[in-house]
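See below for the structure under consideration.
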Amino acid sequence: MQTDRKAQELWSHRSVFILALMGSSVGLGNIWKFPYLTSEQGGGTFVLLYLACVLLVGVPMMKAEVLLGRHTRSNPVQAMRLLSQEAGVSERWRILGWLAVLTGVLIFSFYAVVAAWIFYYVFSLSAGLLADAGWEQSNNFFSRMLADPDTLLTSHTLFMLVVLLILGAGVRRGLDRAIRYLMPLMLLLVLILLVYAYQSGYFWQAYQQLFQFRPERIDGAMVLAALGHAFFTLSLGTGAVMTYGAYLSRKESIGQTVACVGVLDTLLALLIGMVIFPVLLAAQMPSTSGPELLFISLPVAFGQLHAGQVLCVMFFLLVGVAAVTSAISLMEPFTALLEQQWGLRRVVAAVISVATAWCMSLAVLFSFGHLAGVTWYGMNLFELLNFVTTYFLLPLVSLAIMVFTGWILSRRITQSELTQSVPGYYLWRLCLRYLVPLAIGLIFVTNLYNVSF
Ligand code: TRP
């Protein structure tokens, strides 16, 4: 499709696109949720189920988002406008684009707060503040940090500046270049930590805990957990993948590229699990989940092991890099929208988008301190945003995008973008039209049910 804009900058190579999608998908979700879910939910059985969800639901959805982006070479709002014109339906579909962009900014505003904690930990751990700390001490350190957001302002600002620097430099000089340095760094850190975990002596025990087959534990809750997680981790539903797809050359095959990302994302999540569990086991720490795992248990566990302090800094650096590469994908749709819709220069667009998100994020940061009293249904702003985006906005936006692609967009367009074998194409279409909406509908209804009871 021809648009009247100047030629869109593209990724320098297909591998950078794969790394960019991997960077987007490997984030906090992989680090604090997946390993825990796996060990809780039935080990190897859960991994297989999760992989099936990724391949049957996640990958078809990802292909759809990439194809919409590449076909229009636009941000989500303009993409939906152009596509609805092409499909001959109401241009109101562009509201869906706005909703996607908004969801990304909302997720970013609480994601950035967790990233600020991580940056703060990298500094504190490097300074030896948690050296030889016990659980009590570590717990106090984390609570004190939360209750005093003023101390976090520096790391919060630093994180924003890093994101601004990458986004402001544009696709080629910013995103592309950052990805080319950050992703190899991330993989290197995972490898070093893996070797360390292997030497801890608990590697095989952790392996068994993580992968033991317990098929008798398959139930509805497990399927839903696998499905919901596949969704969040692949960064679907905010137009992030769509916008990244807009920068992919037409020469590349979408199908193979996207399948690669799905498998690599799972692999990396498992490898990170194989770092966390041996360390926890070696230090005889119980495996907890969420912030507690990352910010309280792990520093204590690392601290008890040989050379643990240095490795702990490396671990938090890894989490920090993962947070940065995910965060840029959350803000890219909004930045591209400002740039393309109003013809702003890239730097200006990036400053406006990051400044807007910064203000929102500050409110979230202070929801643990000065604004702790402001709650809705017992949730502070951080919890509220997490809840509304994960449970409602993401499934809703994804469902609408999939219905649009599967049922409204003409087959000519999807087929011309997905140049794969005919059976492959029909399988994709079948998944997209029936399986994916069913899966998302299921998540959505269950969430509604859980909220109302
Ligand atoms: N996938 C990332 C994680 O696992 C988070 C993320 C980045 C995301 N971009 C997204 C989640 C878009 C939903 C939508 O932590």
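The values are calculated or read from the model by the stated rules, or taken from the named source; none is laboratory data. Keep in mind that this is a model prediction, so the values were computed, not measured. For neighbour counting, all protein chains shown are included, and Cβ atoms are generated from backbone atoms with ideal geometry for every residue, glycine included. Protein only, heavy atoms only, side chains kept; ligands, DNA and RNA dropped before computing areas. Shrake-Rupley method; radii C 1.70, N 1.55, O 1.52, S 1.80 Å.
A few points about this structure:
- Sole exception among (1) among the hydroxyl-bearing types (Ser, Thr, Tyr); (2) surrounded by fewer than 17 Cβ atoms within 10 Å (Cβ to Cβ); (3) under 26 Å from the mean Cα position of the chain (by Cα) for residue 405, by number: (2)
- Residue within the stretch 40-47 that is more than 22 Å from residue 342 (Cβ to Cβ) and either at pLDDT 95 or above or buried (at least 24 other Cβ atoms within 10 Å of the Cβ) (or both) present: yes
- Residues in the stretch 18-33 that are part of a loop (DSSP other than H, G, I, E, B) and surrounded by fewer than 22 Cβ atoms within 10 Å (Cβ to Cβ): there are none.
- Selection count where residues are aromatic (Phe, Trp, Tyr) and surrounded by 14 or more Cβ atoms within 10 Å (Cβ to Cβ), scope the stretch 422-453: 3
- Across the stretch 255-284, the qualifying residues are those that are within 18 Å of residue 16 (Cβ to Cβ) and within 14 Å of the ligand (Cβ to nearest atom), and the one among them that is most open to solvent (accessible area, probe 1.4 Å) is 264.
- Scanning the stretch 338-357 turns up no residue that is touching a Pro at 6+ places or on another chain (Cβ under 8 Å) and farther than 15 Å from residue 77 by Cβ.
- Residue 420 meets all of the listed conditions (1) in a helix (DSSP H, G or I); (2) over 22 Å from the mean Cα position of the chain (by Cα); (3) under 24 Å from residue 258 (Cβ atoms) but one, namely (1).
- Residue check for residue 36: out of contact with any strand residue (DSSP E or B) (no Cβ under 7 Å at 6 or more places or on another chain) and open to solvent by less than 10 Å² (accessible area, probe 1.4 Å): no
- Some residue of the stretch 85-100 being within 13 Å of the ligand (Cβ to nearest atom) and open to solvent by 10 Å² or more (accessible area, probe 1.4 Å): yes
- Test: residue in the stretch 314-323 that is out of contact with any His (no Cβ under 7 Å at 6 or more places or on another chain), away from the ligand (no atom under 16 Å from the Cβ) and not in a helix (DSSP H, G or I): no
- Subset of the stretch 227-254 that is assigned to a helix (DSSP H, G or I) and open to solvent by 10 Å² or more (accessible area, probe 1.4 Å) - its residue that is farthest from the ligand (Cβ to nearest atom): 227
- When residue 359 is tested against (1) open to solvent by 20 Å² or more (accessible area, probe 1.4 Å); (2) under 25 Å from the mean Cα position of the chain (by Cα); (3) in contact (Cβ under 8 Å) with a residue 60 or more places away in the chain, just one condition goes unmet, and that condition is (3).
- Single condition residue 367 does not satisfy, out of (1) closer than 19 Å to residue 141 by Cα; (2) in contact (Cβ under 8 Å) with a residue 24 or more places away in the chain: (2)
- Annotation: residue 382 fulfils all but one of (1) touching a helix residue (DSSP H, G or I) at 6+ places or on another chain (Cβ under 8 Å); (2) within 16 Å of the ligand (Cβ to nearest atom); (3) among the aromatic types (Phe, Trp, Tyr); (4) open to solvent by 30 Å² or more (accessible area, probe 1.4 Å); the unmet one is (4).
Residue by residue, here is whether (1) charged (D, E, K, R); (2) farther than 19 Å from residue 22 by Cβ; (3) modelled with pLDDT under 95; (4) surrounded by 24 or more Cβ atoms within 10 Å (Cβ to Cβ) holds:
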| residue | (1), (2), (3), (4) |
| --- | --- |
| 302 | no, yes, yes, yes |
| 308 | no, yes, yes, no |
| 312 | no, yes, no, yes |
| 317 | no, no, no, no |
| 322 | no, no, no, yes |
| 326 | no, no, no, yes |
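- Failed condition for residue 65, given (1) among the charged types (D, E, K, R); (2) within 16 Å of the ligand (Cβ to nearest atom); (3) open to solvent by 40 Å² or more (accessible area, probe 1.4 Å): (3)
- Of the residues 374, 364, the single one that is of a type outside the set (Ser, Thr, Tyr) and surrounded by 15 or more Cβ atoms within 10 Å (Cβ to Cβ) is 364.
- All positions within the stretch 1-17 that are open to solvent by 20 Å² or more (accessible area, probe 1.4 Å) and modelled with pLDDT of 80 or more: 8, 9, 10, 12, 13, 14, 15
- So residue 223, is it away from the ligand (no atom under 15 Å from the Cβ) and open to solvent by 60 Å² or more (accessible area, probe 1.4 Å): no
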